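The values are calculated or read from the model by the stated rules, or taken from the named source; none is laboratory data. These numbers were taken from a predicted model, which means no experiment stands behind them. Glycine gets a Cβ as well: all are built from the backbone with ideal geometry, and neighbour counts include every protein chain shown. All accessible areas refer to the heavy atoms of the entire protein, side chains included, with ligands and DNA or RNA removed. Shrake-Rupley method; radii C 1.70, N 1.55, O 1.52, S 1.80 Å.
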Amino acid sequence: MTMNSVGRPTAPETAAAAPIGTFTGNRGLAVEEPLLFEIGRHDVTGVDLDEPGRFAPRLGAHMRRAPIDLPGLSEPEAVRHYVRLSQKNYAIDSGLYPLGSCTMKHNPRLNEKMARLPGIADIHPLQPLSTVSGAVELMAELGRWLLEMTGMRAVALSPKAGAHGELCGMMAIKAAVEARGEARPIVLVPESAHGTNPATAALLGFRVVPVPARADGTVDPEAVRKLLSPQVAAIMLTNPNTCGLFERDVVEIARAVHEAGAYFYCDGANFNAIVGKAKVGELGVDAMHINLHKTFSTPHGGGGPGAGPVVLSHRLAAFAPLPFVRMEAEGPRLVESEAELAEGETPFGRMVAFHGQMGMYVRALAYMLSHGADGLKQASEDAVLNANYVRAGLRDLFSQPFGDRPCMHEVLFDDSFLDGTGVTTLDFAKAMIDEGYHPMTMYFPLVVHGAMLIEPTESESKASLDLFVATLRDLAMRARAGETDRFKAAPRYAPRRRLDETRAARTPKLKWEPPAPFEQAAE
Amino acid sequence: MSKRYTKDHEWIEIAGDEAVFGISHYAQEQLGDVVFVELPEVGKTLEKGGEAAVVESVKAASEVYAPVSGTVTAVNEALVDNPGKVNEAPEGEGWFAKIALSDPSELDGLMDEAAYKAFVETL
Amino acid sequence: MRYLPHSEADRQAMLRAIGVGAIDDLFLDIPEPLRVGALDLPRRAGELSVERTIGRMAAKNVAAGSVPFFVGAGAYRHHVPASVDHLIQRSEFLTSYTPYQPEITQGTLQVLFEFQTQVAHLTGMEVANASMYDGSTATAEAVLMAHRVTRRKKAVLSGGLHPHYRAVVEGLSKLASDTVAALPPDPAGTEDILAAIDAETSCVVVQSPSVYGQLIDLAPIAQKAHAVGALLVAVFTEVVSLGLVEPPGAQGADIVVGEGQGLGNALSFGGPYVGLFATRAKYVRQMPGRLCGETVDADGRRGFVLTLSTREQHIRRDKATSNICTNSGLCALAFSIHTTLLGETGLARLARINHMNAVALAESLSELAGVSVLNDSFFNEFTLRVPGDAASVVEALAERGVLGGVPVSRLEPGRPELADLILVASTEINTDEDRAAYAAALAEVL
């Protein structure tokens, strides 16, 4: 027989594996990555360009005098730098991302492919309109879908994010109030609202008056009625609200608001729960922004870009900002300036340069076309089903602030189930990281103590939810069993342990500075 | 006279014809690590209950209200570089500002130390 | 439906676990008469079908890369290295949320820290934020910030500011009860902006290169502004210019804002882009938008977090510096990767090539009878005066397969004195053949 043994063991040795320090600080696949400014060099470039020949510049006296101080990397170095950095991120592609109110659902790759078609990605916003008829058609088609889903009259596509859409909707309301020759300085905002609502109202010079929530977490029409007056311009209501509940008296609230001569702004952050189930136009809403990056799944990209088109009722349609798409006999037309306005069009101004987020429009439209009317409705139903399934799996161990009742697309718990354990909502969330999960939204909405807001989205399978529920149950039982250290020291298995935010804020270090010379450092 | 307190957790102490004020030990505990303090300008007129300063922790920003009316005569510049003093010695080195009182009778409406202590226990 | 994992059996089992009989039992809070029967929209579609539908629309557009292309006016076509798009499509960048849990988002956070540093260096400023929506909204935010810093409410806008930017500033300022004094359009950069700055001015907003391509000397404007206690807000729409021209920070600007699209990001019909925002360190707490800062973790290792967030809406609510929530994270990443690949050497060279191409084009076009270049200094874009109506000329050029620029009348309608002007840009993408095609087509059209 032929012997070819080199004596290499083929099953692991049984030596105890206590944690060890490594020379590099790396931990296997978890590699430490220096800052670009520590590895880059000023004379290295990853882009080959021919040095231009001699020519007579026409810069006048405006030539740059000092170097920029921009280190460069060759392509292999750059690829490695950014790939290693990417590996320090949690992402929806790698796991359940239950951030309530943020809607981290699957991002279909077809949408990325569509956004990169040369006829979409490589067209300029100001090239002749005769060369971009397909782009205008795409905007019109997106608008048609949004209006059919919401039952509204007009759409302003251009806002660049949810908060920007809020600004747009509230600017339309302010313009409408002024057009009636009125001054209404107050905006009503429920206490459970996203912070952007009061910030937006204040930015426009409105005074914010909070609306208290009733014991069941929803807004009481009587409470609204009491606050309404000829001084009130609008109410900003989120529906479904940030507690994950549908405002069941929304129609009555809308009626009261309209009777008082005010407008109803709906924060559409949670529209994904009701697409195909209810039309906000029929609920009495006058303006609502739609986060394309939430409901229609354009990727969040580590914090943007988003897109926040605003749908408007007949009361506000005339005030939609420039540019907008007008349907004409020959087809859709992009109206860019006041010189092109028709009778009855009184835009309040312009939100952005150019025409808004085409790259997001096309992704959202691809998402809508893929789902269709039936798929959109199914997605809403599955999102609500999943949230309630999580609720059902946890309701005996976790505490629901508004009682055991069905929720919409997200389920809210408070921290009373942790009373006496010494474990806080923050500790609990950080322990989830060690279990391989991104934490849920914490401490929001503000109306609930130690809030934990879980939005699983429709992208999660039953098996995925079963493991998630089992994990949270296990953690809750460990908290109650007094395993406090597990929580206080968490996370242990992340690229970083808890970070010192106090230090970051007390002595802000917001950009890289070269290290002090050795003599100084030694002092 | 000894320290007086407001229900919004400011303290004030008379020293000569000036008064010095800041936030209470309880308040700094609730805020957590203070990272920034925005102080009023010297010479500014404050109204009792009006905004006098802003104190920020990592997660919250809170207004500090004037315990009584008056004109600001000095501010604690040391807090600009070392806001942590508000945590270390809230009712001492972590003072916010000094004011010349415009209506000393306003002090009568404030709590003394024992009353404030009792008040905090109800929270 | 390919994106929805549940089988019908899964759904039934889950409904049983929840304790309800049917899915509609979870929607009981929606009043019965308001529940939607069916949407008047098509049914679901497979990938192939969606590709056909959107592909048909895309095919009706003329892609910039398919023709001699000279359109700028705030958005610029540059060559983006292939690795940029590859890297930004990494799942962990593309499908991550805002880095609110720093322990598991150090990748995004370190990128933002590097981005902030790059922007600060490019603009010559001390601090930069983690990006805004785009250049126009960054400009409007800068005006509001100047109001907070100076406690004055009057902004003076140069006539060289992009008209869309002006409209965005005016809209927001008006609603916030600020006043805006906008100077008339200034193609050649000859306005007397110093005369418009007075003791009520909160800021003066000047774009360089201007929308007309003209390079503006910012230093005297900064001097005058500072003398009366106002701020200089410097704006740029072509970030590549900073590779060659003196940065606003070196000329005394207090806030520098601009459009970062030109590095790393596609034209995409106007968005998504990335707004750059930089200022002096002493104003950092008045700055809008997210900021990333360096700190250490529990083991003393360097790490990054979002910081100074008490300025922001989710904490300060109605007292926030801005209502901005989302920034432009992925576009900032693309910007940062492209800038890293270029480095000092590459960016300077890229900028020189842009300038050289624009100079060559300006010289060749101005040889045509009746055609002249208005600007005495420019970077990669200039204003061309043509005999006759510029909009018709641009349209006629398009018919001949040349996208020759933006007629000023499209940005400033109703101003007959500007009707014969075209904004013309040339970047590294243009070849000698492109320029020759432009000159030939223009000669034909005129």
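Kindly list the residues of the range A:319-346 that lie in the label zone of residue C:56, defined by a backbone N under 16 Å from the point 7 Å along the Cα-to-C-beta vector. The answer is A:331-332, whose backbone nitrogens lie closer than 16 Å to the label point. Size of the range A:448-523: Rg and Dmax of its alpha carbons, in Å, are 20.5, 61. Comparing the full protein assembly with the isolated chain, the residues of the range C:55-87 losing at least 40 square angstrom of accessible surface (1.4 Å probe) are C:57, C:58, C:60, C:61, C:62, C:63, C:87.
Relative to one another, the C-alpha centroids of the range C:333-366 and the range C:401-416 are positioned 24 Å apart.
For chain C, what value does the Rg/Rh ratio take when both radii are computed over Cα atoms and Rh is the Kirkwood radius, given to two decimals?
That ratio equals 1.03.
Using the Kyte-Doolittle scale, which helices in chain C average at least 0.5 and also have C-alpha atoms spread 27 Å or more along the helix axis, with helices defined as whole DSSP H runs? Length and hydropathy pass: C:329-365. With a Förster radius of 45 Å applied to the C-beta separation of residue C:38 and residue C:227, the computed FRET efficiency comes to 0.10.
Among beta bridges identified by DSSP and lying wholly in the protein assembly as shown, the antiparallel ones come to about 70 percent. Counted over all Cα-Cα pairs of chain A, pairs farther apart than 41 Å make up 35 percent. Please work out, to two decimal places, the log10 of the ratio I(q)/I(0) at q = 0.05, 0.08 Å⁻¹ from a Debye calculation in which every Cα of the protein assembly as shown carries one identical scatterer. After summing over all Cα pairs, the log10 values are -0.32, -0.85. Buried surface between chains C and A: roughly 17200 Å² of accessible area, summed over both sides, computed with a 1.4 Å probe on protein heavy atoms only. For residue B:9, the accessible area of its heavy atoms, probed at 1.4 Å with every protein chain present, is near 30 square angstrom.
Over all Cα pairs of the range A:112-367, how is the pair count split among 5 Å bins, expressed in % and running from 0 up to the last occupied bin? Per 5 Å bin, starting at zero, the Cα-Cα P(r) for the range A:112-367 comes out as 1, 6, 14, 18, 20, 16, 11, 7, 4, 2, 0, 0 percent. From the alpha carbon centroid of the range C:117-174 to that of the range B:95-123 is 44 Å. Converting the Cα gyration tensor eigenvalues of the range A:26-75 into ellipsoid dimensions via √(5λ) gives semi-axes, longest first, of 35, 14, 6 Å. Note on the range C:8-49: along the principal axes its Cα atoms extend 39, 29, 10 Å, ordered by decreasing extent.
The distance separating the Cα centre of the range B:4-45 from that of the range C:50-68 comes to 64 Å. Radius of gyration (Cα atoms) of the range C:239-279, expressed as a multiple of 2.2 N^0.38 Å: 1.28. Residues in the range C:82-337 average 22 Å² of solvent-accessible surface per residue, probe 1.4 Å, ligands and nucleic acids excluded.
Note: the range A:229-311, Cα convex hull, 103 Å³ per residue. Shape index of the range C:335-446: Rg/Rh, with Rg the Cα radius of gyration and Rh the Kirkwood radius from the inverse mean 1/r over Cα pairs, equals 1.03.
Considering the range A:57-127 at the alpha-carbon level, its Rg and Dmax are found to be 20.4, 56 Å.
Bridge orientation summary for the range A:112-367: considering DSSP beta bridges with both residues in this region, about 45 percent are antiparallel.
Radius of gyration over Kirkwood radius for chain B, both on Cα atoms: the Rg/Rh ratio is 0.93. Counting only protein chain heavy atoms and rolling a 1.4 Å probe, the accessible areas of A:424, A:14, C:339 rank, largest first, as A:14, A:424, C:339.
Among C:62, C:386, C:257, the residue with the largest mean-square fluctuation in a Gaussian network model of chain C, with springs joining Cα atoms closer than 10 Å, is C:62.
Return the equivalent ellipsoid semi-axes of the range A:407-461 as a descending list in whole Å, where each equals the square root of 5 times an eigenvalue of the C-alpha gyration tensor.
Over the Cα atoms of the range A:407-461, the ellipsoid semi-axes are 19, 16, 8 Å.
On the basis of the beta-carbon distance and an R0 of 45 Å, residue B:117 and residue C:9 show a calculated FRET efficiency of 0.10.
Principal axis extents of the C-alpha atoms in the range C:82-337 (largest first, rounded to whole Å): 56, 40, 31.
So what is the accessible area of the range B:1-121 per residue, in Å², with the probe set to 1.4 Å? Walk me through the numbers on the way to the answer.
Working: 5670 Å² over 121 residues.
For the range B:1-121, the solvent-accessible area averages 47 Å² per residue.
Compute the accessible area per residue over the range A:373-495, keeping the other protein chains in place, probe 1.4 Å, unit Å². Spelled out: the 1.4 Å probe surface of the range A:373-495, per residue, equals 32 Å². Regarding the range A:86-160, what's the average projected area of the Cα-atom convex hull, expressed in nm²? Projected over every direction and averaged, the Cα hull of the range A:86-160 covers 7.7 nm². Exposure check, 1.4 Å probe, all protein chains in place: residue A:402 carries approximately 50 Å² of accessible surface.
Full extension of the chain between residue A:258 and residue A:216 gives 12.7 nm of extra length, using 0.36 nm per residue less the Cα-Cα distance. Shown for the protein assembly as shown: the carbon plus sulfur share of the solvent-accessible area, taken with all protein chains present and a 1.4 angstrom probe, equals 52%. Kindly provide the pair-distance distribution of the range A:373-495 built from C-alpha pairs, with 5 Å bins from 0 and whole-percent values in order of increasing distance. Calculated over all Cα pairs of the range A:373-495, the distribution is 2, 11, 21, 24, 20, 12, 6, 2, 1, 0 percent.
Across all directions, the average flat footprint of the convex hull enclosing the Cα atoms of the range C:1-109 is 14.1 nm².
Sorting B:7, C:153, C:224, A:430 by solvent-accessible area of protein heavy atoms yields B:7, C:153, C:224, A:430, largest first, with a 1.4 Å probe. Computed from the Cβ-Cβ distance with R0 of 51 Å, the FRET efficiency linking residue A:42 to residue B:18 stands at 0.35. Taking all protein chains together and a 1.4 Å probe, the residues C:283, B:5 rank C:283, B:5 from largest to smallest accessible area.
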